[in-house]
């Protein structure tokens, strides 16, 4: 019975190490990825807005609306995933949710906006 508790203790220590390793980089990388995803989405629109196919002739309001919906959905999903991953350890601190809100949320939102813009531009060509 004593041997069964040993792997669980190592697993808890490993989870705490992973959380501590990911928390600060996620909080720093998330907003950068969001900014790059948003900027790339604007570039995709400017480059492909006059495309000959109908998808390229989307109004700016429709494009921004779709971009906002994808960004919000990505933020919600990323935040939930980040909080779920970072706050499941028994040793997680009371600040573990910040990694989800300021790290995974913006990261997933930036990726979602980039995917939306890429798909829109691909349809426009």
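The values are calculated or read from the model by the stated rules, or taken from the named source; none is laboratory data. Bear in mind the structure is a predicted one, so any value in this text is a computation, not a measurement. Positions of Cβ are backbone-derived with ideal geometry, glycine not excepted, and every protein chain shown enters the neighbour counts.
State yes or no: is residue 100 touching a residue at least 24 places away in the same chain (Cβ under 8 Å), assigned to a helix (DSSP H, G or I), buried (at least 22 other Cβ atoms within 10 Å of the Cβ) and on the phi < 0 side of the Ramachandran plot?
On the way: touching a residue at least 24 places away in the same chain (Cβ under 8 Å): no; assigned to a helix (DSSP H, G or I): yes; buried (at least 22 other Cβ atoms within 10 Å of the Cβ): yes; on the phi < 0 side of the Ramachandran plot: yes.
No; evaluated as a whole, the condition is false for this residue.
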* Residue check for residue 66: in contact with a helix residue (DSSP H, G or I) (Cβ under 8 Å, 6 or more places away or on another chain) and under 30 Å from residue 21 (Cβ atoms) -> no
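Kindly indicate whether residue 60 is modelled with pLDDT of 90 or more, more than 19 Å from residue 25 (Cα to Cα) and either surrounded by fewer than 17 Cβ atoms within 10 Å (Cβ to Cβ) or within 14 Å of the chain's Cα centre (by Cα) (or both).
Values: modelled with pLDDT of 90 or more: no; more than 19 Å from residue 25 (Cα to Cα): yes; either surrounded by fewer than 17 Cβ atoms within 10 Å (Cβ to Cβ) or within 14 Å of the chain's Cα centre (by Cα) (or both): yes.
Spelling it out, it is not the case that residue 60 is modelled with pLDDT of 90 or more, more than 19 Å from residue 25 (Cα to Cα) and either surrounded by fewer than 17 Cβ atoms within 10 Å (Cβ to Cβ) or within 14 Å of the chain's Cα centre (by Cα) (or both).
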* Quick one: would you say residue 30 is on the phi < 0 side of the Ramachandran plot and either surrounded by 15 or more Cβ atoms within 10 Å (Cβ to Cβ) or touching a strand residue (DSSP E or B) at 6+ places or on another chain (Cβ under 7 Å) (or both)? -> yes
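Quick one: would you say residue 81 is within 16 Å of residue 27 (Cα to Cα), surrounded by fewer than 18 Cβ atoms within 10 Å (Cβ to Cβ) and within 12 Å of the chain's Cα centre (by Cα)?
Yes; evaluated as a whole, the condition is true for this residue.
Against the definition (surrounded by 15 or more Cβ atoms within 10 Å (Cβ to Cβ) and in a helix (DSSP H, G or I)), how does residue 69 come out, yes or no? Working first, answer last.
Numbers: surrounded by 15 or more Cβ atoms within 10 Å (Cβ to Cβ): no; in a helix (DSSP H, G or I): yes.
When the stated conditions are applied, residue 69 does not pass them.
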* Asked: Of the numbered conditions (1) free of Cβ contacts under 8 Å to residues at least 40 places away in the same chain; (2) over 20 Å from residue 28 (Cα atoms); (3) not in a helix (DSSP H, G or I), residue 94 satisfies every one except a single condition; which is it?
  -> (2)
